[in-house]
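Asks: Handing you a structure now.
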Amino acid sequence: MDYAATRQEALTRIAAAQDLEVLEKLRVEFLGKQGSVSALLKTLGAMSPEQRQAEGPQIHALREGVTEALASRKAGLESAALEARLAAETVDLSLPAPEAPRGTVHPVSQVMDELAEIFADLGFAVASGPEIEDDWHNFTALNMPESHPARAMHDTFYFPEEEGQSGRMLLRTHTSPVQIRTMLKDGAPLRIIAPGRVYRSDSDATHTPMFHQVEGLVIDKGIHLGHLKWTLETFLKAFFEREDIVLRLRPSYFPFTEPSVEVDVGFALVNGPDGKSRRVLGGSGDAPGHGWMELLGSGMVNRKVIEFGGLDPDEWQGFAFGIGVDRLAMLKYGMDDLRAFFDGDQRWLAHYGFSALDVPTLSGGVGTPA
Ligand code: DAH
């Protein structure tokens with residue numbers, strides 16, 4: 001038996017194996033139970049001692065050589081397979097960058113961010129509540145019981161009444177229910193703003209069925225109207241980026257505040273570049289060529305509302321305010337039709353939108369200084 005030739009032939013066939021399947025077949029052919037090399041090993045038992053001494057080492061060397069060749073060919077084929085897979089599976093992690101970034105931040109989002117920045121600087125946290133609200137939080141707990149005439153002014157979208165339900169569900173008509181939710185959840189003291197969507201069945205150039213408000217609520221000890229006035233003045237000066245903002249507090253009525261004040265801001269009428277006159281905020285509304293514009297509702301939180309919020313009104317006082325966010329955006333950035341805010345017209349959005357990378361911060365300025 002020519003072991004050297006057998007070995008050479010086996011190694012040549014192993015080296016020529018093109019895949020793991022073929023290689024496995026060769027392993028079985030040589031080293032399997034019925035394999036040719038295994039069969040040679042079995043012949044050792046029947047040999048004479050001299051023959052075994054002469055042929056034993058050759059047979060063992062044959063088995064070792066074949067085993068080694070199989071292992072190294074297997075490793076070679078496996079690493080080639082891995083290389084091929086890695087090459088085929090290359091992932092391009094880079095995003096194609098558009099030449100000009102598309103998409104802009106809506107003025108309402110921008111203004112909400114500005115509000116949050118300014119109030120955060122005054123120590124206010126941002127609170128929120130559900131847009132699908134219950135009658136109790138939206139009305140009753142804000143001192144508007146069933147028969148209250150102020151309810152009629154809200155043009156409420158109600159959901160159909162469901163059996164066994166204590167109060168009807170509705171789309172919140174204002175952000176004020178967040179006052180109640182926050183008092184019940186967090187107790188006192190409190191300093192929050194609550195920006196968000198509100199809904200009323202109303203539609204014309206200055207009203208849309210969905211619009212945005214920001215609620216403000218401060219609950220603490222010894223709070224009075226002076227705190228309210230300072231807070232609103234500080235906020236409006238920062239928001240409109242003008243030091244000459246002048247406010248007028250006018251007595252008013254809201255069920256959830258007592259006393260209630262409506263806040264007007266002074267403006268001047270100036271001629272715009274298009275010849276039309278424009279309102280520019282600043283200065284007293286009583287000055288010649290000036291006027292007062294109603295901006296927001298506010299007041300000292302009604303004792304009953306503090307009670308509905310689970311707090312003792314003899315211990316805790318507070319002020320609250322509610323501002324139309326869309327109106328703030330219109331005044332600051334010069335849009336005159338509210339409906340365009342929600343039309344989704346690309347041209348309007350491209351014109352009035354803000355760059356996504358231009359995040360307002362107080363340190364960087366909330367906008368471009370005038
Ligand atoms: N919730 C009122 C509204 O829709 C606005 C408002 C007025 C909120 C006075 C207040 C407030 O917090 O004190 O129209």
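The values are calculated or read from the model by the stated rules, or taken from the named source; none is laboratory data. Predicted model, so just to flag it, every value in this text is computed and none were measured. No Cβ is skipped: glycine too gets one built from the backbone with ideal geometry, and neighbour counts run over all protein chains shown. In case anyone asks, the SASA skips ligands and DNA or RNA and just uses the protein heavy atoms, side chains included. Shrake-Rupley method; radii C 1.70, N 1.55, O 1.52, S 1.80 Å.
Asks: Counting pairs of alpha carbon atoms under 8 Å apart in space and at least six apart in sequence, what relative contact order in percent does the range 3-88 give?
Replies: Across the range 3-88, relative contact order equals 41 percent.
Asks: Based on the Cα atoms of the range 62-183, what semi-axes does the equivalent ellipsoid have, where each is the square root of 5 times one gyration tensor eigenvalue, given in whole Å with the largest first?
Replies: 68, 24, 16
Asks: I'd like the accessible area for F240: 1.4 Å probe, protein heavy atoms, all chains in place, Å² to the nearest 10.
Replies: Using a 1.4 Å probe on the heavy atoms, I get roughly 30 Å².
Asks: How large is the accessible surface of S38 in square angstrom, using a 1.4 angstrom probe and rounding to the nearest 10?
Replies: 20 Å²
Asks: Going by the alpha-carbon gyration tensor, a ≥ b ≥ c the square roots of its eigenvalues, is the range 107-352 rounded (a/c under 1.5) or, if a/c is not under 1.5, prolate (a/b greater than b/c) versus oblate? Walk me through the intermediate numbers first.
Replies: Values: a/c = 1.88, a/b = 1.31, b/c = 1.43.
Judged from the Cα gyration tensor, the range 107-352 comes out oblate (a/c at least 1.5, b/c at or above a/b).
Asks: Quick check: net charge around L23, other residues with Cβ under 12 Å of its Cβ, Lys/Arg +1 and Asp/Glu -1?
Replies: Details: positive: R13, K25, R27, R73, K74; negative: D19, E21, E24, E29, E78.
With Lys, Arg at +1 and Asp, Glu at -1, the neighbours total 0.
Asks: Okay, next question. Distance between the C-alpha centers of the range 119-182 and the range 246-310? Whole Å please.
Replies: Spelled out, the Cα-based centre of one part sits 23 Å from the other.
Asks: Quick one: of the DSSP bridges fully inside the chain, what percent are antiparallel, nearest 5?
Replies: Antiparallel bridges make up about 95 percent of those DSSP assigns within the chain.
Asks: Can you give me the long-range amide H partners of G285? Hydrogens built in the peptide plane at 1.01 Å from N, cutoff under 5 Å, separation of 5 or more residues or another chain.
Replies: G266, F267
Asks: Relative to the Cα centre, what is the charge dipole magnitude of the chain, using +1 at the beta carbon of each Lys and Arg, -1 at the beta carbon of each Asp and Glu, and rounding to the nearest 20 debye?
Replies: Dipole about the Cα centre, nearest 20: 720 debye.
Asks: Binning at 10 angstrom from zero up to the longest distance, how are the C-alpha pair distances of the range 3-88 distributed in percent?
Replies: Pairs per bin, as whole percents: 17, 43, 24, 11, 4, 1.
Asks: Another question about this same structure. Per DSSP H run of n ≥ 4, the term is -39500 (n - 2.57); total these for the chain, divide by its residue number, and report the mean residue ellipticity at 222 nm rounded to 500 deg cm²/dmol.
Replies: Details: 11 runs with 141 residues, N = 370.
Mean residue ellipticity at 222 nm (helix-derived): -12000 deg cm²/dmol.
Asks: Now, a different point. Could you please report the charge total around P313, scoring K, R as +1 and D, E as -1 over all other residues with beta-carbon less than 10 angstrom from its beta-carbon?
Replies: Taking every Cβ under 10 Å from that of P313, the sum is -2.
Asks: Using Cα pairs under 8 angstrom and six or more residues apart, how large is the relative contact order of the range 107-352, in percent?
Replies: Rounded, it is 20 percent for the range 107-352.
Asks: Which of the DSSP-defined H helices in the chain satisfy a minimum axial length of 18 Å, computed from C-alpha atoms, and a minimum mean Kyte-Doolittle hydropathy of -1.0? Please report the intermediate quantities before stating the final value.
Replies: Working: long enough: 3-16 (20 Å, -0.10); 49-88 (57 Å, -0.44); 107-121 (21 Å, 0.34); 225-240 (22 Å, 0.51).
Within the chain the helices that satisfy the rule are 3-16, 49-88, 107-121, 225-240.
Asks: Right, another one. What does the charge count around T206 come to, taking other residues whose C-beta lies under 10 Å from its C-beta (Lys +1, Arg +1, Asp -1, Glu -1)?
Replies: Net charge around T206: -3.
Asks: Within the chain, how many lysine pairs that are 8 or more places apart, or on different chains, have C-alpha atoms less than 27 Å apart?
Replies: 18
Asks: Let me ask something else about it. Sorted by accessible area (1.4 Å probe), largest first, how do M293, M1 line up?
Replies: M1, M293
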